[in-house]
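The structure appears below as structure tokens.
No lab work stands behind these numbers, since they all come straight from the coordinates. If you're wondering where the values come from, they're calculated on a predicted model, not measured in any experiment. No Cβ is skipped: glycine too gets one built from the backbone with ideal geometry, and neighbour counts run over all protein chains shown.
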Amino acid sequence: ETGTLAGFTPWPADFAERYRRAGYWIGETFGDFLRDRAERFGDRTALVDDRRRLSYRELDARASRLAAGLARLGIKPRDRVVVQLPNIVEFFEVCFALFRLGALPVLALPPHRRAEISYFCQFTEAVAYIIADKDGGFDYRKLAEEIQAEASTVKHVLVAGEPGPFTALESLYDEPAPLPTLAPEDVAFFQLSGGSTGIPKLIPRTHDDYLYSVRASADICALDGDSVFLVALPVAHNFTLSSPGSLGVLHAGGRVVLSRRPSPDEAFRWIEKERVTVTAVVPPLCAVWLEAARNARQNLSSLRLLQVGGSKLSAEVARRVRGTLGCTLQQVFGMAEGLVNYTRLDDPEDVIIETQGRPISADDEVRVVDEDDRDVEVGQVGHLLTRGPYTIRGYYKAEAHNAKAFTRDGFYRTGDVVRRTPAGYLVVEGRAKDQINRGGEKIAAEEIENHLLAHPAVRDVALVAMPDAFLGERSCAVVVPRETPPAPRELTTFLRERGLAAYKIPDRIELTGDLPKTNVGKVDKQALRRWIADKIAQKG
Ligand code: J2J
């Protein structure tokens, strides 16, 4: 097969040419990347989890052996494989094995359940689903049984740990076999979009574009062979993977430490034990860590950089980082679709505390526009549009949606409402997309509304954000019932039974006779958000 993957929107030729000439796209594949780092960093430790330590050489060898085993199962270039793994070294062995085969990982997150995984498998026609036996008290093999019943393309379920009725990943490591030649400008894997529509969107990322963002991010964060990065958030999330994340550390020859949980207990133990120098958290976790650090028994003095992103960090919490942890704070405003902004390590303190940073690249084109796509003045609030060397030009197989989510000249409509400072830093002021940001976990309102509309007692529904001191936002479903109003508990149980990830279950359910409408007849979510916020405030 030649050309790029069907359903993928490549960059126009003149842009691709420009990004190559500028040295952003260097023609390296993920497979080459690991081979090269194994040659350079050899016996240095690449990965550490609660059971194993792996050197660069071992990771490289194990990825090749697993690639051979996966090929023998019949997995081919461009086959999609849904990967749902916790923070364990197998995540990297699996991803690099698939990269080497040219098969395409679809990176699911640990909280995803039947509804999400089944959709990813069916939409991508995945041939395999790769899980761990158990994590956080949940048995993923049970979930896999349900997935196999629903997604007929899934021929293989591969399990890290005890396989149960499926195939043990461990049984697949085989003598390395010849690998296909891959095109670095083609899709390497899929990230998931936070989303704002009824069905989740998949984000195709190429070898060229993703590895550019990784290298440039590693430079911005001054990573080197002495860097030790703690993966506290889910390893597959774009932030922890690439900003600069575990891949940035592997690029620089440092060490990646995988914590199963983000709790201060577990994370602080790792920081002390492995002398962690950098880690990435979401704002609520940042607040929890700061609280715990005040009387922590562990020695956290190795920590040099705390990255915070995924949702808006309050200036009050930001201000406490240096005093409490004795390290530099970095705000990170990124998105799995591409654009990532960082405050720089040597930025003045007020920039670090009050802005969400500036783009990685001189070729990240950023526009802040009004409702009619006209640029607003510097300092004015508007919609953020962006295009650049690592920002996608379209979601996977989503032609109709792409026509709305991108401008005709290829700018991605981020749905974020921002203000740009004269120095080119962005401040996130709000959001236009129909999404709830629950402490960094994104919920597409329409997706949940559709599930609730399937309940016989629900006539109409709107899911909106309500303010929350800890998570920033939580979700509230405002439900218009049919004749017999359902009990809130009945609705949440209903959603759970539909196999929805727990973070998507509404935190609160309000019954009402009618949803307010705007003058064009759409549900007035702004009014609903105000109504629910007032209601919460009155109760104190
Ligand atoms: C306010 N909102 C933010 C921030 C993301 C690095 C860091 C984060 C993500 C991520 C990522 C924010 N302040 N600092 O992929 O590589 C909101 C915005 C954005 C959306 C993207 C990375 N940082 N956000 O969070 O794809 O609304 O990526 O558009 O999960 O999170 O979400 P996601």
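Rounded to the nearest 20, the Cβ-based charge dipole of region 435-539 about its Cα centre (Lys and Arg +1, Asp and Glu -1) stands at 140 debye.
Dividing the mean sequence gap of close Cα pairs (under 8 Å, 6+ apart) by how many residues region 248-389 holds gives a relative contact order of 15 percent.
Taking other residues whose beta carbon is less than 15 angstrom from the beta carbon of G69, and scoring Lys, Arg as +1 and Asp, Glu as -1, yields 0. If R0 equals 51 Å, the separation of the Cβ atoms of K155 and A457 corresponds to a calculated FRET efficiency of about 0.80.
Where the only charges are on Cβ atoms (+1 Lys, Arg; -1 Asp, Glu), what is the dipole of the chain about its Cα centre, to the nearest 20 debye? Magnitude of the dipole: close to 760 debye.
Determine the gain in length on full extension of the stretch E349-V417; use 0.36 nm per residue of separation and subtract their C-alpha separation, reporting nm with one decimal.
Gain on stretching E349 to V417: 22.1 nm.
Each Lys and Arg adds +1 at its Cβ and each Asp and Glu adds -1 at its Cβ; summed about the Cα centre, region 186-231 shows a dipole of about 300 debye.
Per residue, the Cα convex hull of region 435-539 amounts to 105 Å³.
With a Förster radius of 25 Å applied to the C-beta separation of E483 and E145, the computed FRET efficiency comes to 0.10.
Here each label is just a point 7 Å from Cα along the line to Cβ, and for A403 and D468 those points are 3.7 nm apart.
Suppose R0 equals 30 Å. What FRET efficiency, 1/(1 + (r/R0)^6) with r the Cβ-Cβ distance, do S314 and A6 give to the nearest 0.05?
It comes out at approximately 0.10.
Two numbers describe the Cα atoms of region 1-124: Rg and Dmax, which are 16.6, 48 Å. Taking a point 7 Å out from the Cα of E175 in the direction of its Cβ, the residues of region 58-88 whose backbone N falls within less than 17 Å of it are 62, 64-73.
Could you list the chymotrypsin sites (Phe, Trp or Tyr not before Pro) in region 391-426 that lie in coil according to DSSP, counting only those with at most 10 other Cβ atoms within 10 Å of their Cβ? For chymotrypsin sites (Phe, Trp or Tyr not before Pro) across region 391-426 that sit outside H, G, I, E and B with at most 10 neighbouring Cβ atoms in 10 Å, the list is empty. Take the convex hull of the alpha carbons in the chain; its mean projected area over all directions comes to 25.1 nm². Each peptide in 91-97, 510-516 gets a packing score, the mean of other Cβ atoms within 10 Å over its residues, and the list from highest to lowest is 91-97, 510-516.
Projecting label points 7 angstrom from Cα along Cα→Cβ for T512 and R52 puts them 5.2 nm apart. Computed per residue of the chain from DSSP H runs no shorter than four, each worth -39500 (n - 2.57), the mean residue ellipticity at 222 nm is -10000 deg cm²/dmol.
For the chain, the residue among L66, C476, S55 whose Cα projects farthest onto the positive side of the dipole built from Cβ charges is C476.
Distance between the 7 Å Cα→Cβ label points at R275 and D373: 5.4 nm.
Students often check this: by mean Cβ neighbours within 10 Å, which of 264-271, 472-479 ranks highest, and how do the rest follow?
Result, highest mean first: 472-479, 264-271.
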